[in-house]
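Just below is one structure, and these are the notes that go with it.
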Amino acid sequence: DTEVTQTPKHLVMGMTNKKSLKCEQHMGHRAMYWYKQKAKKPPELMFVYSYEKLSINESVPSRFSPECPNSSLLNLHLHALQPEDSALYLCASSHPGKNTEAFFGQGTRLTVV
Amino acid sequence: GIQVEQSPPDLILQEGANSTLRCNFSDSVNNLQWFHQNPWGQLINLFYIPSGTKQNGRLSATTVATERYSLLYISSSQTTDSGVYFCAVLPGYNFNKFYFGSGTKLNVKP
């Protein structure tokens, strides 16, 4: 099983809403990632968790709050987003370390209105 | 950080044609992957290829790590091959951060 599952697939939220994106994997991976992708651009790294600890935060605004409750789950809590935050949000997982293959979920397409 | 450049940025093919996509990177890498992003946004793993040559059906890939480039070959292209192809690398100095190239957008016409 090389599947990373993200929910929901689509999300429309207002600027005052609070919502969460979820990501789950059962490959035994201990590194999990959030990426943001705008149209016609490559994915941009937001956060990396390694062994359930936040190891990289790419200077992401605090309105995005990641959480890794256990080794299989990764959440991204959203609050007071702006329309420019509308994008495809991708979750990925891999084994930590240098010889590792990453697998991506199908993404959550977020629209902020 | 490491620079990853892909070429060409756009490619239009007739069905049945062959193509070669290139990925250049500016520093040594521990990992290189090729992905196909379908129209729904999912990144599909094509190859994990830090060095050497691999083949999977009509697709093959070669990475020459010492010369810092990788090639993705698509033979007998089909309309379902359309989409964006990304290469992503894991540099030798950072085991947790994958760097993506800007992608090659492929359009295969029937």
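Among the strands (runs of 3 or more DSSP E) confined to region A:4-65, the ones with at least 2 residues that are of a type in the set (A, V, I, L, M, F, W, C), away from every other protein chain (no Cβ under 12 Å) and under 13 Å from residue A:87 (Cβ atoms) are located at A:10-13. Taking the conditions exactly as written (outside any loop (DSSP other than H, G, I, E, B), touching a Lys or Arg at 6+ places or on another chain (Cβ under 7 Å) and within 14 Å of chain A (Cβ to nearest Cβ)), does residue B:89 satisfy them or not? No: the conditions fail for residue B:89. Residue B:22 meets all of the listed conditions (1) within 13 Å of another protein chain (Cβ to nearest Cβ); (2) of a type in the set (D, E, K, R); (3) more than 25 Å from residue A:97 (Cβ to Cβ) but one, namely (1). Taking the criterion of being of a type in the set (S, T, N, Q), modelled with pLDDT of 95 or more and in a strand (DSSP E or B), the residues of region B:15-38 that qualify are B:19, B:20, B:24, B:33, B:37.
This table checks each residue for (1) farther than 27 Å from residue A:39 by Cβ; (2) under 11 Å from the mean Cα position of the chain (by Cα); (3) modelled with pLDDT under 95; (4) more than 9 Å from every other protein chain (Cβ to nearest Cβ).
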{"residue": "B:13", "(1), (2), (3), (4)": "no, no, no, yes"}
{"residue": "B:42", "(1), (2), (3), (4)": "no, no, yes, no"}
{"residue": "B:64", "(1), (2), (3), (4)": "yes, no, no, yes"}
{"residue": "B:75", "(1), (2), (3), (4)": "yes, no, no, yes"}
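Check B:22, B:58 and return the single one that is basic (Lys, Arg), surrounded by 13 or more Cβ atoms within 10 Å (Cβ to Cβ) and under 18 Å from residue B:105 (Cβ atoms).
On the way: B:58 fails: under 18 Å from residue B:105 (Cβ atoms).
Only one candidate passes the filter, namely B:22.
Could you check region A:74-105 and list, in sequence order, the residues that are under 14 Å from the mean Cα position of the chain (by Cα), assigned to a loop (DSSP other than H, G, I, E, B) and modelled with pLDDT of 95 or more? Give the derivation first.
Taking region A:74-105 first, the residues under 14 Å from the mean Cα position of the chain (by Cα) are A:74-78, A:85-94, A:102-105.
Imposing the further condition that a residue be assigned to a loop (DSSP other than H, G, I, E, B) reduces the set to A:86, A:102, A:105.
The answer is A:86, A:105.
The values are calculated or read from the model by the stated rules, or taken from the named source; none is laboratory data. All figures in this text were calculated on a predicted structure; none of them were measured in a lab. Virtual Cβ from ideal backbone geometry, glycine too; neighbours counted across all protein chains shown.
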